[in-house]
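Participant: Below you will find the structure I want to go over with you.
The values are calculated or read from the model by the stated rules, or taken from the named source; none is laboratory data. Predicted, not measured: the structure shown is a model, and the values here were computed from it. Please note: Cβ atoms are built from the backbone with ideal geometry, for glycine as well, and neighbour counts cover all protein chains shown. In case anyone asks, the SASA skips ligands and DNA or RNA and just uses the protein heavy atoms, side chains included. Shrake-Rupley method; radii C 1.70, N 1.55, O 1.52, S 1.80 Å.
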Amino acid sequence: MSSLQEDEIINLLQQELTGGALDDSSASETEDFMVEDDVQSDENYEPSDSEERHVSPPLDLTTEVERGSPVISNTAPSETTQSSIIQLPQRNVRGKNRYVWATAKGNTSTRTSVRNIVRTSRGPTRSCRGITDEVSCFEKFFTVEIFEEIVKWTNVEISVKRAMYKNVTPTQGDTNILEIKALVGVLILSAALKDNHLTSDELFNSNYCGYGYVATMSRERFDFLVRCLRFDDRDLRLQRTQSDPFTPIRVIWNILISQCRNNYTPGTNVTIDEQLLGFRGRCKFRMYIQNKPAKYGIKIEMMCDSGTYYMVDAIPYLGKGTNTGDLPLGEYFVKELTRAIYGTNRNVTTDNWFTSVPLAKSLQLEPYKLTLVGTLRGNKREIPEELRNSRTRPVGSSIFCYDGPLTLLSFKPKPSKVIYLLSSCDEDGTVNPNSKKPHMIEFYNSTKGGVDSFDQMCSNMSTSRKTSRWPMCVFYGMINIASINSYIIHCHNLLIAGQKPIARKDFMKNLHFQLVEPWLKVRLAKITMPTHVKEKISSVLSMRPSTSQDRQSSPRLQGHDTREEPSTSSSGENRKRKTCGKCHYKKKRMTKSMCSNCKVAICGEHKVDFCVTCAKEK
């Protein structure tokens, strides 16, 4: 499934760059994909609690369908299409709250409405254009400020825990930015290889997982760092938590989300839905969502690009204490998440937890200037009684009502089920003559899967590990967000440069190596490092994966040998004596000889003599 999503992202970007038309078909247009809404019949409808989450729609991995004539059609329907549309005899119908709907569409011009014209194109912003290096793309999201914040408060926690040890070892030493980057690299490698479920004993056992993990740091150091990771000032946490329960990780979260908003311009359609970060520990805003695989966890409301699944904005749900400014929860989250696209005429696709008639009307006004398409719950008081289910109503029939630019659809896919859909795109009530489904439903199906597909990409390659602290659960989710968003920008820039993007697994492995390489070199240069560990580090460094920059500029990959003169013994008399890097550190053997390849000092015991010709052949 992961490769399918990667292919869809790459194909969509290629079509946009080449100016090709997008496919209007959708895999979710079958009847089985329409079971996401609660059964809206008069007999068995049970209104859910305002805080309880609905059953989320199943994943629909379709590419983005731009708004156009199939959705906003002004052509007269054919006889075949007309037969599935029920025309109400009265001119107006009213909901339970006396909201008035017209049963016929008013006269509209043949020109496309201004509200449906989007003048911006999808792609990285100026600060991210042309960047193809994996670690550079990642650091556009996980910035230096985030690493500095982590190092700052982690060292404070380390000093507290170090005081509890009777015998202090280097395992309890302070950390730095290079080591924290290496720690993130280890987590990313565990996601790429799907090792995140393994215990640290298994992860750092070279017999099971090779040298990739153990060369970066010891198991004891990994466990100690994960246990000491902190993201805020513990002394001020109790006071700040009273006003913001998300305080323990709020600072670095805001930095990441700000970078996500600023680094990418989404396409015509965006999707708003929720992601559940699985967590069963103690957390005052932990949620229970029955239909989610994890069941319990931290709910994150997200806005993603419907085509590339880029995560544009996200807000954590903090429980009933969320300050919404007297707005309903769904309306509050939609207006907060769409701040980055105010005034752009984009379309927002939502499900029935967010969608409401007042929200659709208010989004058309300043400063929002957005359209809304989404499913509607059957207990909304704006829905007229004439649109509800009845036994005499034929299966596959559609009823449309209008209120200016708003269009309300009642569609009956099964005898005991009616689906309500609301659109503010000033649409006509038309039905596809081939699939017998309204164009509104086809458009909704093609744009509803942005967040669900992003969530599935996170679960396919996840850095999450078992933890009893909810800030660590959010931290793992942040790494997943940064890795997916950086991969999308990486693919976009490679396609612009005329190169073929690599698979996401290869991207993650390259990113891991670029994050841990500086720290591996630091460890290799330590005199006290055991010889067997240095050999593992050297073996990992020698297997450096090829990156996009290597393919463009590396002379070694172009057939040129960049190695220096292969003689292992130094001819320079002014070279300083160094301790042999291959001997045990207690021997303290001093030598002037140095390996011409890895530049490690070597004594006579570890030298191999051969001629220059054989060295070149080697």
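Participant: Could you do me a favour and compute the accessible area per residue for region 426-470, 1.4 Å probe, result in Å²?
Facilitator: 30
Participant: Just grab the label-to-label distance for Ile177 and His532, each label 7 Å out from Cα along the Cβ direction, in nm (one decimal).
Facilitator: 3.5
Participant: Can you pick out the pairs among Lys299/Lys320; Lys414/Lys437; Lys140/Lys194; Lys412/Lys436; Lys194/Lys448; Lys292/Lys437 whose Cα atoms lie more than 18 Å from each other?
Facilitator: In this structure, Lys140/Lys194; Lys194/Lys448; Lys292/Lys437 exceed 18 Å between Cα atoms.
Participant: By how many nm would the segment from His584 to Arg282 lengthen if fully extended, with 0.36 nm per residue of separation less the alpha-carbon distance?
Facilitator: Gain in length upon complete extension: 104.0 nm.
Participant: Separation of region 230-276 and region 322-369 by C-alpha centroid, Å?
Facilitator: So the two Cα centres are separated by 19 Å.
Participant: At what distance in angstrom do the alpha carbon centres of region 174-191 and region 137-166 lie from each other?
Facilitator: The two parts, judged by their Cα centres, are 11 Å apart.
Participant: Ranked from highest to lowest mean number of other Cβ atoms within 10 Å per residue, what is the order of the peptides 172-182, 308-318?
Facilitator: 308-318, 172-182
Participant: At a probe size of 1.4 Å, how large is the accessible area of Met590, to the nearest 10 Å²?
Facilitator: Its heavy atoms expose roughly 90 Å² to the probe.
Participant: Counting only protein heavy atoms and using a 1.4 Å probe, what share of the accessible area of region 225-341 belongs to carbon plus sulfur, as a whole percent?
Facilitator: Carbon with sulfur: 45 percent of the solvent-accessible area.
Participant: Next question. Express in whole angstrom the spacing between the alpha-carbon centres of region 459-490 and region 517-545.
Facilitator: Region 459-490 and region 517-545 have Cα centres spaced 27 Å from each other.
Participant: Obtain the nm distance between the two label points defined at Ser200 and Val395 by a simple spin-label model: each point lies 7 Å from its Cα along the Cα-to-C-beta direction.
Facilitator: 5.8
Participant: Provide Arg91, Arg391, Arg240 ordered by accessible surface of protein heavy atoms (probe 1.4 Å), highest first.
Facilitator: Solvent-accessible surface, decreasing: Arg391, Arg91, Arg240.
Participant: Using Cα pairs closer than 8 Å and at least 6 residues apart in sequence, work out the relative contact order for region 330-453, in percent.
Facilitator: Result for region 330-453 is 21 percent.
Participant: Let me ask another. Tell me the per residue accessible area of region 115-201 using a 1.4 Å probe; a whole number in Å² is fine.
Facilitator: For region 115-201, the solvent-accessible area averages 47 Å² per residue.
Participant: Keeping the other protein chains in place, figure out the carbon and sulfur percent of the accessible area of region 444-552, with a 1.4 Å probe.
Facilitator: 54
Participant: So, for region 218-339, what is the accessible surface per residue at a probe of 1.4 Å, expressed in square angstrom?
Facilitator: 40
Participant: Roll a 1.4 angstrom probe over the protein heavy atoms and tell me the percent of accessible area of region 126-220 that is carbon or sulfur.
Facilitator: On region 126-220, the fraction of accessible area on carbon and sulfur atoms equals 51 percent.
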